[in-house]
Amino acid sequence: PKISAILARSYPRANVALKGEAVQSSTLFPSGANRAIDGKRHTFYTEGSCSHTAVHETGDCCPERLDGAEIRIGNSLDNNGNDNPRCATITHIPRGNTFTFTCQSGSMEGRYVNVVIPGDNKILTLCEVEVYADPTGDAATLTL
């Protein structure tokens, strides 16, 4: 399905991420990428519903690790999708909170949604990523 990203508040809409497949650059066992799209909004890593790349830390600490992460949306898998256009940059999400993002350039379309932290040796822990699509496929909301 086509995924567009623009803030739209016409609920209820389907969380299309639940039907997707998640991947990540590395995995701290057993915290695979699919945990980030399992439909569980637990915000603590120890509850077993968060993804985690292969550097050990807990998701219930250190929310500043997401600071500067980029949300990218597009149709390309070049560079694992990290070269797709940037929708938004995460400035800060306080521990235990969720945030809904609006693309800086307005509506964007794409098959892939990436959350990437620029730089080397970065730790990414996501407890839930939700992508809500308009039933017509014309708009969506991305919630982390």
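Some notes on this structure:
- Radius 14 Å from Cβ of residue 70, net charge of other residues (Lys, Arg +1; Asp, Glu -1): +2
- By the Kirkwood approach, averaging reciprocal distances over each pair of separate Cα atoms, the stretch 22-76 gets a hydrodynamic radius of 12.2 Å.
- Whole-Hz couplings from phi, Karplus 6.51/-1.76/1.60, listed for the stretch 36-53; x for Gly and Pro: 6, 10, 8, x, 9, 8, 4, 9, 10, 3, 5, 7, x, 10, 10, 7, 7, 6
- Ranked by the mean number of other Cβ atoms within 10 Å of their residues, highest first, the peptides 120-131, 14-25, 90-101 fall in the order 120-131, 14-25, 90-101.
No lab work stands behind these numbers, since they all come straight from the coordinates. All values derive from a computational prediction rather than experimental measurement. Note that each Cβ is placed from the backbone with ideal geometry, even for glycine, and that neighbours are counted across all protein chains shown.
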